[in-house]
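Structure, as C-alpha cells:
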Amino acid sequence: MTALIIGMVALVMLLIAPTPARADLVPPAGATDPRVRTVPYDQYQVYRLHGYVGWATHIIFAADETFVGLGGGDVEGVSWDAENNHLFLKPRQPQVQTNLTLITSRRTYEIHYSASRASPETPAREFIYALHFTYPEQEDREERAANALHRLRDSRPAPRNDDFWYCGSDALRPMKVWDDGMRTWIRFAPTTDWPAVFALSDDGQESLVNYSVEGADLVVHRVAARFVLRRGDLVGCVWNRGFAGSGLPSATGTASPKVRRNLRGDVR
C-alpha cells in the first residue's frame, strides 16, 4: 500500500512539474560583418533584439511578404517605419523592455525587444544593423516542387514529328528523318557515306550544323524547315513539312535529354 501511494505521488509531481521554457534566440553575429545577422524563421521561436538609442535595426522579411503592423506591451517606446518587406525599428528612449509581435501579409514574428543608450565603449559586434530572416521549410518545399517538375518533364514522351519529304540525289536519300522539337535525327542506309548537313534559311543561306552520332543515326542539334545534304557534287534536300518553330524548351537545359545543366549561385 505504501509503495502504491509513493508511486501515485511521484506520478502527480511529474505531471505538475514545469516543462523547460524555450530560450529566446539571439541572432548570431554575421561571418562577414557581426552587425549584419541572419536567422532561420520559426513561428514558435522568440527572437531577442537589443537596440540602441539613435540607431535603427533593419529587419528584412521574405521577398513575397509585406509588413502590415506591430503590437506589443510598450509600442510607445519604439518608433518604426516600413516599406514592402523591410521594417526599421528604432527605440525612442533607453531602458525599453517589451515584447513585440511583427505582422506581415504571410507570417507573424515574436520579438523580445530591449534598448539602452550606447557608449563609446560599446563594441561594434553588439549592434544589429540588419537582420535577415531565412525560410528553410519554404526553400525545401520549393526545391521538392522543382525536382518534381523536372521529373514530370523528363517522364513526358518528347513530341515526334515524322513529316519529312526528300528531293535530290537518290545516293543521299535518308532511310528515315524525324525530330522531337529540339533535335533532328537522320538515318542513312548502312552502305551510304554520310554527307555534310547544312540548315537552309529563308533567304537561301546555308549554314553548317552541329551534330553528334547516336548508334546508326546522325543527330542534328537543332530543327529547321529545310536541310541541305552535300557530298561532292551530289545534293539533296530534306524538307520538314511539320516544322512548328525553332525549337521547344529543353527540360534539361541542354541539347541532349541525357545531360542536365546545373546552375550554381544566385541567378536572377
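Note on residue 134 and residue 74: the model spin-label points, each 7 Å out from Cα along the C-beta direction, lie 3.4 nm apart. If you take all other residues with their beta carbon under 12 Å from the beta carbon of residue 67, and give Lys and Arg +1 and Asp and Glu -1, the sum is -1. All other residues whose Cβ lies under 11 angstrom from that of residue 99 are scored, Lys and Arg at +1 and Asp and Glu at -1, for a net of -2.
Between residue 23 and residue 221, the FRET efficiency from the beta-carbon distance, with R0 = 51 Å, is close to 0.30. Mean projected area of the convex hull spanned by the Cα atoms of the stretch 36-149, taken over all viewing directions: 7.6 nm².
Just check the stretch 101-238 against the gyration tensor rule for me: Cα atoms, a ≥ b ≥ c as the square roots of the eigenvalues, rounded for a/c under 1.5, and otherwise prolate or oblate depending on whether a/b exceeds b/c.
Because a/c hits 1.5 or more and a/b exceeds b/c, the stretch 101-238 counts as prolate.
Subtracting the Cα-Cα distance of residue 142 and residue 237 from 0.36 nm times their residue separation leaves 29.5 nm of extension gain. A Cβ-based charge dipole, computed about the Cα centre of the stretch 36-149 with Lys and Arg at +1 and Asp and Glu at -1, lands at about 320 debye. If you take every residue apart from residue 200 with its C-beta less than 13 Å away from the C-beta of residue 200, what net charge results, scoring Lys and Arg +1 and Asp and Glu -1? Net charge in that neighbourhood comes out at 0.
Protection proxy ranking for 70-76, 190-196, 171-177, using the average of other Cβ atoms within 10 Å per residue and placing the highest first: 171-177, 70-76, 190-196.
What full-extension length gain, to one decimal in nm, is calculated for residue 92 and residue 55 as 0.36 nm per residue of separation minus the Cα-Cα distance? Write out the running numbers ahead of the final one.
On the way: separation 37, 0.36 × 37 = 13.32 nm, distance 0.99 nm.
Gain on extension, residue 92 to residue 55, equals 12.3 nm.
With R₀ fixed at 25 Å, the C-beta to C-beta distance from residue 126 to residue 32 puts the FRET efficiency at about 0.90. Distances between placed amide hydrogens fall under 5 Å for residue 35 paired with 30, all partners being 5 or more residues away or on another chain.
Given 37 °C and 0.692 mPa s, how large is the Stokes-Einstein diffusion coefficient of the stretch 164-240 in µm²/s, with Rh as the Kirkwood radius over Cα pairs? Kindly include the intermediate steps, with their values, before the conclusion.
Working: Rh = 12.4 Å.
Stokes-Einstein gives a translational diffusion coefficient of 266 µm²/s.
Computed from backbone phi, the HN-Hα couplings of the stretch 229-245 come to 9, 9, 8, x, 8, 7, 9, x, 10, 10, 9, 8, 6, x, 4, 10, x Hz, rounded to whole numbers (Karplus: 6.51 cos²θ - 1.76 cosθ + 1.60, θ = phi - 60°; Gly and Pro given as x). Of the residues 150, 50, the one with the fewest other Cβ atoms within 10 Å heads the list, and the complete ranking is 150, 50.
Every number in this text was worked out from the coordinates using simple rules, so none of it is lab data. Fair warning: this is a prediction, and the values are worked out from it, not measured in the lab. Glycine gets a Cβ as well: all are built from the backbone with ideal geometry, and neighbour counts include every protein chain shown.
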